[in-house]
Structures are given as structure tokens and as C-alpha cells.
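As C-alpha cells, the structure follows; a few thoughts come after it.
The values are calculated or read from the model by the stated rules, or taken from the named source; none is laboratory data. No experiment lies behind these values; they were computed from the predicted model shown. Cβ coordinates were reconstructed from backbone atoms using ideal geometry, including for glycine residues, and neighbour counts include every protein chain displayed. Accessible surface areas use protein heavy atoms only, side chains included; no ligands, DNA or RNA. Shrake-Rupley method; radii C 1.70, N 1.55, O 1.52, S 1.80 Å.
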Amino acid sequence: MSAKNRTVSGALGGFLGVVGMSAVAGILVTAAVAPAVALSGMAATNTINVFDSLPEYLAIDTLSQKSNIYASTNAADPVGTRVLLASFYEQNRVDVASDAISQFAKDAAVAGEDPRFMKHGGVDIQSSFNGAVQTLAGGETRGGSSITQQYVKNVLIQKCEVMTDADKAKTCYADATKTTPDRKLREMRLAIGIEKKYEKDDILRGYLNIAGYGGSVYGIEAAANYYFNTTALNLTLPQAASLVTIVNNPVKFQLDHPDSKTNGAANGYADNKFRRDYILDRMLEYKKISQVDHDAAIATPVEPVITVASTGCQAAAGSAYFCDYVTKILKTDPIFGADADTRLANFKRGGFNVYTTLDLDLQGAAETSLNKYVPKTSPGWDVGGVVSSVGVGTGEVLAMVQNKDYSQVEQPAGSTYTSINYNTDRAHGGSSGFQPGSTYKVFTLAEWLKEGHALTERVDSRVKSNWGTFQDSCLGPQNYDAQGFSPRNDGGEGGPNETALHSTTRSVNTGFIGMAKKLDLCGIKKTAEAFGVHAADGGDLGQNASSVIGTNYIAPLTMAVAFAGIANNGMTCSPIAIRSMVGSDGTELPVPKSDCKQSVEPGVAAGMQYAMQTTTTGNGTAAKSGRDTSPKVPIIGKTGTTDAAKDTWMSGASSKVATVVGVVNVSGPFKNQRLSGSKLNGFKASEIRHSIWPQVMSVANAKYGGDKFPDPSSAVINAVAVPVPDVRGKSMADAKSTLEAAGFFFVDGGVTSSEMPAGTVAKSDPAGGSASTRGATVTAYSSDGTGVVIPAVIGKSETDARTLLAGAPYGFAITKLEQATTDKAQDGKVVAVQPGEGTGSRPGDAVTIVIGKYTAPAPAASGQGNNNGKNG
């Protein structure tokens, strides 16, 4: 029935609805509430004026509704392959259209709550007058509210419910529900305004959708789902009457307390049935149902079928922490509101379907594998297990798993439950992150290649405690010798002059510290940040020398994003968990998009990929993960182990998916995972990462495939050959400075006999003037000062030569050889000496002299004829 064409017969309120005259309305309302007004000492004329000045417009906000979070098995068809992870709500409500509500429910509401609803203009004068009389007798405002007035009251309460300030919400609720005449007058005035603007059918629909049905159940659809496992459209007559009964007094009449003595299963939910039957009687009285239907409904017992909605992320089981991550995004990302209060209000209001990026195939593989290898608890060790997978080039979070059961409330350390999401930052899950160990070395590798160094270039990789000064363009030169900084290599790994490539393949700590010595510590930090790396607690990344080998606390998801960036030819895409979102009206809503930025140039990324592929093959530290992943596609990887093997990591990627797996200590005492007795579920703790990672990536490879990584340039692989400086005759200290300044690794080869002054460099290997790669080892030998140089004897007579060579300081043992010569000037003279003149030697060494012996040339041959220039 149209609000403009409603009849007025039999109802003064209808007259109000037609003419809309505030003064007349005020008089009638004053008459209706006269006893209550009298209590307040307010004159009738004042009441009319007050009523006339009250606002009649009430904004009907979107109702708080249930929202749903979905995952899918097919990214190309997220809706068609959707699987519900969880629903969440402040109020369990699904707003439905009028034609989706059973007529039984509509008629029950009108017959039971407001029989003259279709005739009055928002205020039922007769009911209001009766209520006012009861108020006068009882001393408080009581009863008499029409459906429209109840709707107004619920709308006002709903506005309070979505407030984010608890104190303001409390005050708002008190104002909306206080039992005072002025509140009643305001409610009536707004009800009249509502009736002017909306059709009766819309008001009734709004009332049934907004009403509370006990606990967190709101709206007729959610109530039908919860109490009878059906829909609002398919409610039977007795079910509809029972639900409308609950609206009258939810605490008294709700059907989910079977142990209640007054309204429980034992007495057939007597309170509800009594009121239900009253409503059925009114429906019969007002000819909404037949006698047969009435009698059948009366005879029907109240039999609820309580069906609890998948409320909250705990309903998502193994995907609960991903679900929690999604809700945190909804509450924190600016796209969902300009400020925290707006975002929280939107979240509370809900009513949207969220289609996430979670890949149920990868998620299932991660859950199964993690459950197999990492228990929820372990004696004497607060053990944690994590898996994060991210799409390369998309930033989509494909899997997120940990070894604990989800709780919305924090639990004691060592519990099987936790509210903390180990995979995410503190802002998105409460974790402060974990040290990534050697997986963090990839950022030093990136900076190394960015600065023009090559993979085969060598550095000083000796184990030592006097590393000296590191360059830091942000904080100034840094020296950690006084702090005892002396990193070791696990199992004695690494030599004194490692290449960047071998340091990556075998994860040589001192190799990377040696690389950092040639770089800028601040530059390494900035390169890590370019890959999206940040401290999990929101603070700054550390940039000291130890940070090179992974001492910052970083979320596993952050590292997965960074490895995806490396695999994506140096372009890093920020993580996203929501693929699309649809509002309650079917409108697609904006969601956060992945922001992709070039972290390093593709050529640098190709060098990183080349080096990181060697870790997954041969004798690389990630070779087991590489071998056990099938089907085979090109993969990059890097392992990580923190001090005392507290945490162990396997991080890697194909060209399609990046995955990080960690077995970590969450808090308190821990076990060294490398010790033989450190086992989890019967498996050696330090090797578990190499069981879980290939199982997850095998599913990823089978589903997404993988492409060959680009080949790096020769310049990225091969170190530049440079001349070795000639340091002979220099002091050993000067020689060291000269060689290191030229980019070589200086090694003291010890003392050798030489003619050079004692303590100076006698020789080097490679020799000065030869070419060698930058960073290569040059061994310098110092002279003991005892050597001599073969003197110049060529051209001297044998006697003079012998005298010189045999005399002091040489004392050589001389051997003579003769060599024929046709030059009389060389007869009896030295024509050669071995070792040669100027060659270093020691006193007493053997020297061979070669003496020329004249031999006359043979005479010319005779008897040759003359052919007079003619050809024969």
C-alpha cells in the first residue's frame, strides 16, 4: 500500500499520515501521552511545541550483516569454485528482500505486535494511549509502540552498535532506550517521518531484518538459519510465529538454551510456545490463517534445530590464520576507510563477500606436510612451524599455515593454541618476526652485483675477530672488533679466499662478511628494503655487520615476497590476500592492489638467480629440497640457520611461486636443531624444512609450472682480470696495502732466500705484471737478505769469470761447457751463463758457464761451371 494513498478510516494516526500536519500530530500525540506528560509537569501547549520542533527525518543506514570469506581452487573462477572459510559479524544478519521472507512471518509480526499497522500513520494512538495509562499507573513509560516505532528504535540502536568509541556507543544506547516521555515523543515523531517516506511493505521488511532474535542473531534470515536450519522464505507457520515471539523479548523467548527451566527442551520451550500460540490466535482472529492451519500449528511442538554459523576465523580450521590476516587487512588498509574508526565501523557493518587469493591446493599440501613433521607442542621447546607461499609477479598470498590451532585470545607459551600469526607482521597478526639467518644473505648478494662485482670475484673469507672498519654511508664508518664480532662457518665450511658464487652455494658466513667489507652496510639495508623487507615489529631494519647474515627479525611472509621479487627478475610485488569483494547489494567493491616495483635491475636479478640455483643442486645447501621437488622446473633457493640452530629455514621459488618454510623457536628455551637428539615427530628437526618445502612446491610446480630463468651476462659471472702490481723490493706492509688497494687478497708466503734486502718482498705469485681476477689471492714472499744475484760475466775470460763467480760473496760451484764459435773474439770468453745474469741465487749454488772455442770456417767449394746466363 502506498504511503500517499493509505486510507484513514478508523485511525486518527492514518489521518496524520495523509495530511502530515505537525500541529495536529502534536495535539493527538499529546493526548495519547498526556498521563506521561503530566508526570513530567509539561503543559500540553509546550508538548505540542516540543513535538513540532522535533526532527522527523531518520537516516536508515546499511544494517550490520554477516560477511563471508571465501577461498577457491581456481583463480580463473573464484566464485564458481569458492569454498567458505568463515563468516564473521558483530551481528549475525543477512539482509533479505521482502519477497525472500515468508508471508507467515510478516503476518505474525503484524498480528502479534501491531494489528493496526496497515492503517495507522506510524503511531497507533489507541495503543499509545493504553501504554501511557500503564505508564502512569506503573511509574515508567511502558508499551504501546507500533512496528514503525520499534523499527525507529532499532535503527537508532543500530547507529550506536557501529560506533567505534565505546563510551560514545554506551551513551548513544542509553539515549535510544531510556524510558522517558521525551524519548517516546522523539520516537513517535520519527515514526511519522518514516511512514511519509517509505511504503508499509518496506517498513515491515526493514523491521524484520533489523530486529534482534537473541544473542548475536539479528534479522529474520539469520534467525531462520540459526534456529531452524532454513531460510526466511521457507519458514513454516509455527516456526515463523516462534521467531516473531523471540523479537518481543529475546532473553525470555530465545530457543538456544535447552537447559532453561522456564523455556527449555524439558518443558517444550513453554514460554516461547505460550507466546507463539498467542500470536497464532491473533493471526486467526485477523483472518491471516485458516482454522485448520491454526489448529495444526498449535499442535506442532517447538523443536529448534540450532545451526551455528561458521563464526569467526576459528571455523576456517587450518586456514584460520590466513582468515585472520584478511580481517586485519579489512581493519587496517586505507582503501576500506580513511581512518581507523571508519574502517572499524565498516568492518562491523559487514555484509560483504570476500574472495581471497588463497589456493586451497597449496594450502592443503602445506597443512598436511606441516602437521606430519611439526607437532603443536614439544617438551622443553616452544616450537613453531610456518609456511608462506606467494605468487611470483602477482603478490597473491597462496598459502599461509602454522603448527598451532587458532585462538582469538592469546594463550600461554607452549599451548597448542595461539592468537599470534607467526607468518605476518605485528600489525597483521601480533608477531615480532624471526631471524631469517642466511636466507637474508641474498640482499648482500644483490648489493654485490649492483656495485659491479662479479660472482667469481674473491674476498677475504678467513675466520677472524679483527674485521676492521666497515663502510656505512648512513651512520658513518663502523668497527665491531671491540665487540668480539667473529662469525664462524658451520662445519668449518669455507676457505680463506672464497668467491661470491661459492659463498652463496655453500652459505659461507665469512664469505658474505668479506663481501660486505667491500660494500656499504647502509646500501645492503636499502637493497633489502627495495625487496619489501622490513622489521616485523614496525621498527627500522638493523644494518650492522651481523645483519648481513640474518639477525633482523622479519616475518616469513615478508621473506616470501622478497624471494618472489628475485624470481620475478628483480620486480617485487607487495602481498595481497583479497582478490575481489562484493557488497550486500551485489556491487563490486575496491580492494587493495599489489604494488610492483623494480627492486634491482633484471641483469642483477639474473646473477642472483644463477647463484641461487646452484644452492638447489649438487652440493648446494638446498640440494635436498631441489632433488625432492617434482615435477622439475628451474628453482632458486637459500637456506638459513640462526645461532645454535635455534631456527632453520628453506626459502626458494620457481618463476611462478615462492615459498618460505621455517621451524622456529617461538619463545623461551629451545633445542639446537642440528643435535642428533633434536627430533620432532621422529624426524631430525634441522632437516624438516627440506621435507615440507618440496612437498608444497611439488604441488605448485604441478599446478603452475615454471619457466627457465634468464642467463646472466658474462660480466656478472666472470671477475675482471687486472694486472698484479709489482711489489718486489717493497716492505711487506706496503706490499699488502698496494695489493689490497688493487683489489687482491694478500697472503704472506713467509721468508725465502733472496738477494733483496731482508724483510722486503722477494717475489710474488702470481708475479707482478701478470693478469689475475680481482679479489684473487696474491702471495708475497719476504727476503731473508742472504741471496745474491748472478753477476755479469758474459764476455769475460774464463779465468776472470771463475775468479768472480767463485769469490766472495758468491762462492758458486762452477761447471764449464764449451760451445763452438767461428768468431775469434769469443774464443776463450764466456758466451752464456746459467742461471742467467741478474738472476737471484744463493751463495754456493751451481752455476754453469759456457766458453767459446774458435773453429775455423770450412773453405769454399771449387769446380763450379758457368752457364753464361742461359737457361738449360
**Asked** Once the whole set of protein chains is in place, how much accessible area is left on Glu367, using a 1.4 Å probe, in Å² to the nearest 10?
**Response** 50
**Asked** Using modelled amide H (1.01 Å from N, peptide plane; none on Pro or chain starts), what sits under 5 Å from the amide H of Thr848, excluding residues fewer than 5 places away?
**Response** Thr815, Gln834
**Request:** Given the peptides 583-590, 837-844, arrange them by the average over their residues of other C-beta atoms within 10 Å, most packed first.
**Result:** 837-844, 583-590
**Prompt:** By average Cβ neighbour count within 10 Å, what is the ranking of 65-72, 806-813, 817-824 from highest down?
**Reply:** 65-72, 806-813, 817-824
**Request:** Quick one: what are the phi-derived ³J(HN,Hα) couplings along segment 80-88, Karplus 6.51/-1.76/1.60 with θ = phi - 60°, whole Hz, x for glycine and proline?
**Result:** x, 10, 6, 10, 5, 7, 6, 10, 9
**Asked** At q = 0.12, 0.18, 0.22 Å⁻¹, what base-10 log of I(q)/I(0) does the Debye formula yield for segment 320-420 when every alpha carbon is treated as an equal point scatterer in vacuo?
**Response** -0.51, -0.97, -1.15
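If you take the Cα Rg of the chain and divide it by 2.2 N^0.38 Å, with N the number of residues, what do you get?
The value comes to 1.56.
Let me know the charge dipole size of segment 362-461 about its Cα centre in debye, to the nearest 20, where only the beta-carbon of Lys, Arg (+1) and Asp, Glu (-1) is charged. Walk me through the intermediate numbers first.
On the way: 7 positive and 10 negative charges, 41 e Å.
Taking the Cα centre of segment 362-461 as origin, the dipole is about 200 debye.
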**Message:** Of all beta bridges DSSP finds with both residues in the chain, what is the antiparallel percent, to the nearest 5?
**Reply:** 70
**Request:** Work from the charge dipole of the chain (Cβ charges, +1 for Lys and Arg, -1 for Asp and Glu, about the Cα centre) and give the residue of Leu739, Pro575, Phe104 farthest towards its positive end.
**Result:** Leu739
**Request:** Would you please give the residues with an amide H less than 5 Å from that of Glu396, counting only those at least 5 places away or on a separate chain, with H modeled from the backbone geometry?
**Result:** Gly391, Ile576
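Leaving ligands, DNA and RNA out of it, rank Ile717, Ile210 by accessible area with a 1.4 Å probe, largest first.
Numbers: Ile717 30, Ile210 5 Å².
So the residues, ranked largest to smallest area, are Ile717, Ile210.
Might you report the magnitude of the Cβ-based charge dipole of segment 191-329 about its Cα centre, with Lys and Arg at +1 and Asp and Glu at -1, to the nearest 20 debye? Present the calculation step by step, with values, prior to reporting the outcome.
Numbers: 13 positive and 15 negative charges, 60 e Å.
Computed charge dipole of segment 191-329: roughly 280 debye.
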**Prompt:** Do the alpha carbons of any pairs in Lys66/Lys159; Lys328/Lys593; Lys119/Lys287; Lys376/Lys624 sit beyond 19 Å of each other, and which pairs?
**Reply:** Lys376/Lys624
**Prompt:** With a ≥ b ≥ c the root eigenvalues of the C-alpha gyration tensor of segment 730-864, is it rounded (a/c under 1.5), prolate (a/b larger than b/c) or oblate?
**Reply:** oblate
**Prompt:** Within straight cross-link reach of Lys763, meaning Cα distance under 18 Å, which lysines are found once same-chain residues fewer than 8 apart are removed?
**Reply:** Lys730, Lys736
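Considering only DSSP beta bridges with both partners in segment 687-779, what is the antiparallel share in %, to the nearest 5?
Working: 5 of 8 bridges.
Looking only at bridges with both residues in segment 687-779, the antiparallel portion is about 60 percent.
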**Message:** If you split all Cα-Cα distances of segment 575-693 into 5 Å bins from zero, what percentages do you get per bin, shortest first?
**Reply:** 2, 10, 15, 16, 14, 12, 11, 8, 6, 4, 2, 0
**log₁₀ of I(q)/I(0) at q = 0.12, 0.14, 0.23, 0.24 Å⁻¹ - segment 451-567, Debye sum with one point per alpha carbon** = -0.45, -0.61, -1.43, -1.46
**Request:** For segment 221-285, state which trypsin sites (Lys or Arg not before Pro) are in a DSSP loop and have at most 13 other beta carbons lying within 10 Å of their beta carbon.
**Result:** Lys261
**Item:** Cβ-defined net charge surrounding Lys525, 10 Å radius [Lys, Arg +1; Asp, Glu -1]
**Value:** -4
**Request:** Over all alpha-carbon pairs of segment 140-288, lay out the pair-distance distribution in 10 Å bins, whole %, shortest bin first.
**Result:** 11, 34, 37, 17, 2
**Message:** Between Arg462 and Met118, what is the label-point separation in nm under the 7 Å Cα-to-beta-carbon projection?
**Reply:** 10.1
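In square angstrom, what is the accessible area per residue of the chain with a 1.4 angstrom probe? Let's see the in-between values first.
On the way: 36720 Å² over 872 residues.
Solvent-accessible surface per residue comes out at 42 Å².
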**Asked** Excluding ligands and nucleic acids, what accessible area in Å² is computed for Asp333 using a 1.4 Å probe, to the nearest 10?
**Response** 40
**Request:** With a ≥ b ≥ c taken as the square roots of the eigenvalues of the C-alpha gyration tensor of segment 299-366, please select rounded if a/c is under 1.5 and otherwise prolate if a/b is larger than b/c or oblate if it is not?
**Result:** oblate
**Asked** From the phi of every residue in segment 419-430, what ³J(HN,Hα) in whole Hz does the Karplus formula 6.51 cos²θ - 1.76 cosθ + 1.60 yield, where θ is phi - 60° and glycine or proline is x?
**Response** 8, 8, 8, 5, 7, 10, 6, 4, 5, 10, x, x
**Request:** Considering the options Leu208, Ala222, Thr822, tell which one lies farthest towards the positive end of the dipole of the chain, charges being +1 on Lys and Arg and -1 on Asp and Glu at the Cβ, about the Cα centre.
**Result:** Thr822
**Request:** Assign unit charges at the C-beta atoms only (+1 for Lys and Arg, -1 for Asp and Glu), then state the dipole size of the chain relative to its Cα centre in Debye, rounded to the nearest 20.
**Result:** 600
**Message:** Going by amide H atoms built from the backbone, whose H comes under 5 Å of the H on Lys679, apart from near neighbours?
**Reply:** Ala685
**Asked** In nm, to one decimal, how far is the modelled label at Lys703 from the one at Leu804, with both set 7 Å along Cα→Cβ?
**Response** 8.7
**Item:** Rounded percent of accessible protein surface that carbon and sulfur make up, segment 157-312, 1.4 Å probe
**Value:** 54
**Request:** Along Cα→Cβ, 7 Å out, is where each label goes; now give me the distance between the ones at Leu675 and Ser432 in nm to one decimal.
**Result:** 2.4
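Sort His534, His294, His428 by accessible area with a 1.4 Å probe, largest first.
Working: His534 70, His294 20, His428 50 Å².
Largest accessible area first, the residues go His534, His428, His294.
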**Message:** Just to verify a number: what accessible area does Arg674 come out at with the full protein assembly present, 1.4 Å probe, Å² rounded to tens?
**Reply:** 100
**Fill in**
Square roots of five times the C-alpha gyration tensor eigenvalues of segment 592-658, ordered largest first and given in whole Å, equal 22, 17, 13
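When the Kirkwood hydrodynamic radius is evaluated over all pairs of different C-alpha atoms of segment 808-864, what value in angstrom, to one decimal, is obtained? Write down the numbers at each step before the final one.
Values: mean 1/r = 0.0747 Å⁻¹.
Here the Kirkwood hydrodynamic radius works out to 13.4 Å.
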